[in-house]
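What follows is a single structure, written as C-alpha cells, with notes after it.
The values are calculated or read from the model by the stated rules, or taken from the named source; none is laboratory data. Small disclaimer: the values here were computed from a predicted structure and weren't measured. So basically every Cβ, Gly included, is an ideal-geometry build from the backbone, and we count neighbours across all protein chains shown.
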Amino acid sequence: MLSLLSGCSLFDLEDSENVEVREFIGGVAGDEPQAVLAARGILRSGGNAVDAATALYFALSVTLPSSASLGSGGVCLVHDAPKRKTEALDFVLRTPRIIPQNTDRPSAIPGSPMGMFVLHTKYGNLPWSQLVAVGERLARFGSRATRTLVNDLEPVAAALFEDASSRKIFADRNGNIVAEGSKLVQLDLANVLANIRVNGPVDLYSGKLAARLVEAVKAAGGSLSLADLRDFSPRWLKPAKYKIANRSAFFFPPPGAAGIVLGQMIGMLDVDDEFDDSSEVARLHLLAETAMRALAERQRWMTDDYQSREDPDKLVEPGHLRKLLSNFSLDKHTSPGAFNPRPAARPENPSATSFVVVDRLGSAVACELTMNNRFGVGRIAPGTGVMLAAVSNNLGRGPVSMGPMMVVHEFTRQFHFAGAATGGVAAPTALANVAARVTLSEESLRSAMDQRRVHHGGAPDTTYYEPGIPPEVIAGLTRRGHRVAATPTLGIVNAASCPEGMPREPDGCEVVSDRRGSGLAINVNRR
C-alpha cells in the first residue's frame with residue numbers, strides 16, 4: 001500500500017513522496033512536517049510509538065520553538081500494548097519558587113526534556129541517544145522554515161526580533177521574517193542537544209549545563225534557579241475513564257483541564273444516545289449544548305491552579321452526566337443563565353502543538369506541548385539556543401486547554417482511537433467534534449476531521465461555527481434558539497483511528513492531520 005501524506009507545506013519535503021512498503025509500521029500525525037518525517041524514520045527503524053514520539057519532540061524543539069522548545073512543557077497519554085496499560089504523564093510548565101521583583105520576563109521551569117526522558121525510560125525501546133540525535137542533526141546541519149513556523153512568526157516578529165539571539169535565527173539579512181523553505185542553523189541549540197544525547201537530561205537539570213542555563217536565563221531577563229531545575233519531576237497520573245460499549249475512553253486528568261471537558265462532552269453525547277441517528281442540525285445542536293454544559297461544569301470543579309475538587313472519574317460517571325443533561329432539549333437551546341455556576345469567559349492560550357503516534361503493536365502516544373504563549377517570553381537564553389517559556393497565570397497561560405484522549409478495547413486492549421488538539425478554549429470541543437463522529441457514529445476519521453465544527457463556551461451566549469455549513473443547517477440552529485456567529489477555524493486536531501482494532505486489523509487504520517493547519521500525517525498500511 002502507499003504511504004499517505006496530508007497537509008504538507010508548499011515547499012518540497014525530503015523523502016515525502018509516496019513509498020511502497022511491505023510491512024505495517026504504524027503512523028504519525030503532527031503540526032510540523034519535518035518532525036513527523038523524523039518520527040516516521042524511527043518507526044521504520046524498528047522503534048515503537050514512544051520512541052517515535054520522543055524523536056518527534058526533539059525535532060520539534062528545533063523546528064517549532066514557538067510551541068515546543070527545550071523550554072516547553074506538556075502532557076502525554078500513552079497506551080502500551082505489550083503491558084496492556086494506559087497512563088497519563090504530566091510535565092506541564094511550572095513556576096519558579098521565587099521570581100525576583102526586578103525580573104523582566106518571568107520564565108517557567110522547562111518540562112519537556114525531562115518529561116520525554118521519563119516517558120522513554122518506562123516505555124521506549126531504542127537507545128535514547130538515537131532519538132535525541134534526530135533533533136541535534138536538524139539544529140547542527142539546518143532545518144527548513146515550514147509554513148507552520150512562519151505562521152507563528154508573523155504575528156510576533158516585531159517583538160521577537162528585539163531579542164538579538166532570536167533575530168539571528170528567525171530574521172533574514174534584511175530584518176524580515178525568514179521565508180518558507182529557508183535553512184535555519186542553530187549551533188548553540190545543537191550543542192545543548194548533544195549534551196542531552198550523551199548524558200540524558202541529568203546535566204540540564206542538575207549539572208554544569210543546568211548552571212549555564214540558569215545564568216543564561218538571568219541574562220535574558222528570565223527567572224530560574226538550580227533548585228527549580230533540580231526539583232522538577234514529571235508525574236504519572238491515572239487517566240479519567242468512560243466506557244463506550246465495550247471500549248474504554250481515557251481522558252487526560254487535571255491539570256489538563258480540557259481532558260475532563262472533552263470526556264464530559266463525549267459522555268453526554270453517549271448517554272443521550274441521540275448523536276448517531278441524528279440529522280446534521282441535531283448533531284451540531286448536541287455538540288454546542290454539551291460544550292456549554294461541560295464548560296459551565298468546569299467552573300465548579302476546577303481550582304485556580306487547574307486541579308480538580310473531585311475525583312476525575314466521578315466527573316465522567318454516566319449518572320453525573322445525565323444530571324448535566326437534565327435541562328437539555330433536542331429542539332431548543334438552553335440559556336447559559338440556567339446553569340449554576342454559569343459559564344464564564346476566560347482567556348485561554350491557543351499557542352500549542354500536538355501529535356499522535358501509533359505503532360505496529362497497537363501502542364500509541366498522544367501529546368500536547370506549549371510555551372504558554374507563542375515563543376514563550378520571546379527570548380532565547382544566550383549561548384544555549386533555548387527559547388524560554390512564559391510562566392502560567394490565570395490570564396490564559398497554563399494547561400487548562402490541554403487534554404488528549406485515547407480509546408482502547410475494555411477486554412482485549414486493542415487500540416481504537418487517539419486524538420489531541422490545540423486552539424485554546426476550542427481545543428476540547430474541536431476534538432469532541434471529531435471523536436464523537438468516529439467513536440459514536442463510526443464515521444471515517446478523514447470525513448470526521450473535514451466536517452465543519454461548532455463551539456459554544458457559554459459566555460457569550462453565542463454558537464460559533466466554521467464557514468461551509470449549509471445555510472439550511474444554520475437556519476435549523478437558529479430555529480432552536482442559537483445565536484450564531486461564523487469564525488474561520490475552531491481548533492487544530494491530530495488523530496489516529498483503527499475501527500477494527502490494532503494490531504488485530506491494521507488495514508483499516510487512518511492517521512490524519514487537520515487540513516486547518518499545515519501539518520503532516522503519514523499512514524502506512526500492510527500490503
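The residues listed here are Gly362, Gly259; of these, the one that is on the phi > 0 side of the Ramachandran plot and under 25 Å from the mean Cα position of the chain (by Cα) is Gly362. Scan segment 221-248 for residues that are charged (D, E, K, R), in contact with a helix residue (DSSP H, G or I) (Cβ under 7 Å, 6 or more places away or on another chain) and either at pLDDT below 95 or surrounded by 13 or more Cβ atoms within 10 Å (Cβ to Cβ) (or both) and jot them down. The answer is Lys241, and nothing else. Any chance segment 314-323 includes a residue that's part of a loop (DSSP other than H, G, I, E, B) and at pLDDT 95 or above? Yes.
Of all residues in segment 499-527, those satisfying the criterion of being in contact with an Asp or Glu (Cβ under 7 Å, 6 or more places away or on another chain) and not basic (Lys, Arg) are Pro499, Gly508, Gly517, Gly519, Asn523, Asn525. Residues that are farther than 30 Å from Asn191 by Cα, part of a loop (DSSP other than H, G, I, E, B) and either modelled with pLDDT of 95 or more or aromatic (Phe, Trp, Tyr) (or both) within segment 386-413 comprise Met402, Gly403, Pro404, Phe411, listed in sequence order. In segment 286-304 there is no residue matching the filter, namely being assigned to a strand (DSSP E or B) and among the polar types (S, T, N, Q).
For (1) assigned by TED's automatic domain parsing to the domain that holds Gln186; (2) over 22 Å from the mean Cα position of the chain (by Cα); (3) of a type outside the set (S, T, N, Q), each residue gets a yes or a no:
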{"residue": "Arg379", "(1), (2), (3)": "yes, yes, yes"}
{"residue": "Val391", "(1), (2), (3)": "yes, no, yes"}
{"residue": "Thr412", "(1), (2), (3)": "no, yes, no"}
{"residue": "Ser447", "(1), (2), (3)": "no, no, no"}
{"residue": "Arg452", "(1), (2), (3)": "no, no, yes"}
{"residue": "Thr462", "(1), (2), (3)": "no, yes, no"}
{"residue": "Tyr465", "(1), (2), (3)": "no, no, yes"}
{"residue": "Pro470", "(1), (2), (3)": "no, yes, yes"}
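Tell me yes or no: at least one residue of segment 368-391 is closer than 19 Å to Gln299 by Cα and either touching a helix residue (DSSP H, G or I) at 6+ places or on another chain (Cβ under 9 Å) or small (Gly, Ala, Ser) (or both). No, segment 368-391 contains no residue that is closer than 19 Å to Gln299 by Cα and either touching a helix residue (DSSP H, G or I) at 6+ places or on another chain (Cβ under 9 Å) or small (Gly, Ala, Ser) (or both).
Checking the structure you have, find out if any residue of segment 511-520 is over 29 Å from Gln299 (Cα atoms), among the acidic types (Asp, Glu), buried (at least 18 other Cβ atoms within 10 Å of the Cβ) and under 22 Å from the mean Cα position of the chain (by Cα). Within segment 511-520, one or more residues are over 29 Å from Gln299 (Cα atoms), among the acidic types (Asp, Glu), buried (at least 18 other Cβ atoms within 10 Å of the Cβ) and under 22 Å from the mean Cα position of the chain (by Cα).
Among the conditions (1) touching a residue at least 60 places away in the same chain (Cβ under 8 Å); (2) in a loop (DSSP other than H, G, I, E, B); (3) of a type in the set (S, T, N, Q), the only one that Asn102 does not satisfy is (1).
Considering the conditions (1) more than 24 Å from Asp270 (Cβ to Cβ); (2) in a helix (DSSP H, G or I); (3) among the polar types (S, T, N, Q), Asn433 is excluded by exactly one of them, (1).
Scanning segment 156-171 for residues that are assigned to a loop (DSSP other than H, G, I, E, B) and either of a type in the set (Phe, Trp, Tyr) or modelled with pLDDT under 95 (or both) turns up just one, Phe161. Screening segment 174-264 for helices (runs of 4 or more DSSP H) wholly inside it with 2 or more residues that are without any contact (Cβ under 8 Å) to a residue 12 or more places away in the chain, assigned by TED's automatic domain parsing to the domain that holds Ser129 and of a type outside the set (Lys, Arg) returns the ranges 202-206. Evaluated against (1) assigned to a loop (DSSP other than H, G, I, E, B); (2) over 30 Å from Phe375 (Cβ atoms); (3) touching a residue at least 40 places away in the same chain (Cβ under 8 Å), Asp277 falls short on exactly one condition, (3).
Within segment 442-458, being of a type in the set (A, V, I, L, M) and either in a helix (DSSP H, G or I) or farther than 21 Å from Ile266 by Cα (or both) holds for Leu445, Ala448, Met449.
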